[in-house]
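Chemist: My questions all concern the structure below.
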Amino acid sequence: MAKTALQFHHNGREIAVFVDGGANLLSALRDLVGDMTPKFGCGQGGCGACTVLIDGDPHLSCLTLAETVEGRSVETLDSLKDGPKLHPLQTAFMEHFAAQCGYCTPGMLMAAKALLDRNPTPARAEVVEAISGNICRCTGYEPIINAVLAAASGGRARA
Amino acid sequence: MPLTVKTFASAGDAAHALSAERGARYLAGGTLVMRAVNEGDLSFSTIVRATDKALARLDVSGSRVTLGAGVTYATILAERELAFLHPVARSIGGPAVRNMGTIGGNLFAPAPFGDFTVALLALDAALSVQSGFGGREIALEEFLASRDRSPGALVLSISFQRPVHSDAFRYRKIARIKPKGASVVTLAAHVPTSGGRVTSARIAYGAMAATAIRAKSVERALEGRPLDPLTIAAAVAAAAEGTSPVDDSLASAWYRREVVGVHLRRLLSGPD
């Protein structure tokens, strides 16, 4: 079966790949682009481990048909790092013990980034809502919520 | 096995392709179809999609609301004129799912999913459907009754009368996980009153049958009566009539039948 040419912006860089018919964005990112930051969890839309931002909005990459991102901007956790320097959200996750096994962390960080990009000073309930599509089986969520709130107030202090 | 993906600029052409090929499935937001793909579903070999902007159009200015089938829950939540549907959209998925899932796709979601359709059924929505043989209007209730037996048509848009007053439309979704979780039972009611009496009551349930269904015995118990404790008690007594819920990991069929009346009482009694 023929492959389809696909061009999109991956973390600000233009990328061109050939995808199989029916391939999802997560497999295109991991297998073709080599970006291992989005994780495969359930493949059903239940866990949020594969969350990426498409044109700034959180999407589940495992349920996104790869070719639907043609010409669009896809942002993954890989975009948050700046050499050895961590993003304020990553620092906050570290300081608040918001990662244990770490599998949900990429999705959590992207869901949190989508929130803070739009709403730099969220209320606790807004943080809970923002990560409601992301499952964590280790932390019990409280450290994650605290980390996002800390990153938000940290950002405000800097501004 | 790789699938063939056919992308069309016009919804009409996509509808034609859908009618012409038995093994074709229409992909809108992907939350149902890509899930099936990921699970290795072999019941379809072609994915049909349309990039037609008309599918994402909203007409919310008049008393009759028309929403393109490709409208997402996030779009509903961003539209102030559709505030009465915000609790419905908010009860579905997390933010990512709400950015992806469409109200047209929701019509095809198997129980216990499909909460938006429950609201649309209570609002007596009509669908504009296009197949290879032409376009037609169909009542949502009729569409749901034959949904799983009549593939090959594309839903273009959904329309319904805006509730006359905000208290006339009510919605409740019972889930075990908060703020996000699949439905134990979902209830929607449109109970407009005229001279203190309910007229044209519409009650719809989700997760109480294979598709969203109307609770017609409850509607009959309400019709022409004031929404007082006596009427509500009669409605609650008929709450489980005509339902056929299933056992799943969220609740047993027995439990769903037991609690639907409790939640119906709370829905009809108004804000807690």
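Chemist: For A:LEU29, work out the one condition from (1) touching a helix residue (DSSP H, G or I) at 6+ places or on another chain (Cβ under 7 Å); (2) surrounded by fewer than 17 Cβ atoms within 10 Å (Cβ to Cβ) it doesn't fulfil.
Modeler: Result: A:LEU29 fails condition (2) only.
Chemist: Just to be sure I understand, how many residues within segment A:47-87 are among the acidic types (Asp, Glu), within 26 Å of A:ARG137 (Cβ to Cβ) and within 14 Å of chain B (Cβ to nearest Cβ)?
Modeler: Going through segment A:47-87 one residue at a time, the tally reaches 2.
Chemist: Counting just the residues of segment B:3-46 that are within 16 Å of A:LEU25 (Cβ to Cβ) and in a strand (DSSP E or B), which one comes out farthest from the other protein chains (Cβ to nearest Cβ)?
Modeler: B:THR7
Chemist: Anything in segment B:108-122 that is aliphatic (A, V, I, L, M) and buried (at least 24 other Cβ atoms within 10 Å of the Cβ)? List them, or say none. Talk me through it step by step, then tell me what you get.
Modeler: Just the residues of segment B:108-122 that are aliphatic (A, V, I, L, M), to begin with: B:109, B:111, B:118-122.
Within segment B:108-122, B:VAL118, B:ALA119, B:LEU120, B:LEU121, B:ALA122 qualify.
Chemist: Give segment A:28-41 a look and list any residue that's without any contact (Cβ under 8 Å) to a residue 40 or more places away in the chain, out of contact with any Cys (no Cβ under 8 Å at 6 or more places or on another chain) and not acidic (Asp, Glu), or say none.
Modeler: Of everything in segment A:28-41, those that are without any contact (Cβ under 8 Å) to a residue 40 or more places away in the chain, out of contact with any Cys (no Cβ under 8 Å at 6 or more places or on another chain) and not acidic (Asp, Glu) turn out to be A:ALA28, A:ARG30, A:LEU32, A:VAL33, A:GLY34, A:MET36.
Chemist: Restricting to segment B:94-113, count the residues that are within 14 Å of chain A (Cβ to nearest Cβ) and either without any contact (Cβ under 8 Å) to a residue 40 or more places away in the chain or within 12 Å of B:SER183 (Cβ to Cβ) (or both). Please lay out each step first, then the result.
Modeler: Of segment B:94-113, the ones within 14 Å of chain A (Cβ to nearest Cβ) are B:94-102, B:105-106, B:109-110, B:112-113.
Next, only the ones that are either without any contact (Cβ under 8 Å) to a residue 40 or more places away in the chain or within 12 Å of B:SER183 (Cβ to Cβ) (or both) stay: B:95-96, B:98-99, B:106, B:109-110, B:112-113.
Selection size over segment B:94-113: 9.
Chemist: Of (1) buried (at least 24 other Cβ atoms within 10 Å of the Cβ); (2) closer than 19 Å to B:THR51 by Cα; (3) β-branched (Val, Ile, Thr), B:THR75 satisfies all except one. Which?
Modeler: (1)
Chemist: Sort out for me the helices (runs of 4 or more DSSP H) sitting completely within segment A:88-159 that have 3 or more residues that are within 13 Å of chain B (Cβ to nearest Cβ) and either buried (at least 18 other Cβ atoms within 10 Å of the Cβ) or modelled with pLDDT of 95 or more (or both).
Modeler: A:105-118, A:124-130
Chemist: State whether the residues of segment B:126-142 include one that is over 22 Å from B:ALA201 (Cβ atoms), touching a helix residue (DSSP H, G or I) at 6+ places or on another chain (Cβ under 6 Å), of a type in the set (S, T, N, Q) and buried (at least 19 other Cβ atoms within 10 Å of the Cβ).
Modeler: Yes, that holds for at least one residue.
Chemist: Which of the residues spanning segment A:1-26 are within 12 Å of chain B (Cβ to nearest Cβ) and either among the acidic types (Asp, Glu) or out of contact with any helix residue (DSSP H, G or I) (no Cβ under 7 Å at 6 or more places or on another chain) (or both)?
Modeler: A:MET1, A:ALA2, A:LYS3, A:PHE18, A:ASP20, A:GLY21
Chemist: Inside segment A:7-30, can you point out the residues that are assigned to a strand (DSSP E or B) and either modelled with pLDDT under 95 or among the polar types (S, T, N, Q) (or both)?
Modeler: Of everything in segment A:7-30, those that are assigned to a strand (DSSP E or B) and either modelled with pLDDT under 95 or among the polar types (S, T, N, Q) (or both) turn out to be A:GLN7, A:ASN24.
Chemist: Look at segment A:67-87 and say how many of its residues are assigned to a loop (DSSP other than H, G, I, E, B) and charged (D, E, K, R).
Modeler: Total satisfying the criteria: 3.
Chemist: Which of the residues spanning segment B:117-165 are of a type outside the set (A, V, I, L, M) and closer than 14 Å to B:SER63 by Cβ?
Modeler: Going through segment B:117-165, the residues of a type outside the set (A, V, I, L, M) turn out to be B:117, B:124, B:128, B:130-137, B:141-143, B:146-152, B:157, B:159-163, B:165.
Those that are of a type outside the set (A, V, I, L, M) and closer than 14 Å to B:SER63 by Cβ: B:ASP124, B:SER159, B:PHE160, B:GLN161, B:ARG162, B:PRO163, B:HIS165.
Chemist: Still on this structure, please answer the following. From B:PHE116, B:PHE84, which residue is in a helix (DSSP H, G or I), touching a Lys or Arg at 6+ places or on another chain (Cβ under 8 Å), modelled with pLDDT of 95 or more and over 21 Å from A:LEU26 (Cβ atoms)?
Modeler: On the way: B:PHE116 fails: touching a Lys or Arg at 6+ places or on another chain (Cβ under 8 Å).
Just one listed residue meets the conditions, B:PHE84.
The values are calculated or read from the model by the stated rules, or taken from the named source; none is laboratory data. The model shown is predicted, which means the values in this text are computed figures rather than measured ones. Here the Cβ is made from the backbone with ideal geometry for all residues, glycine too, and neighbour counts use every protein chain on show.
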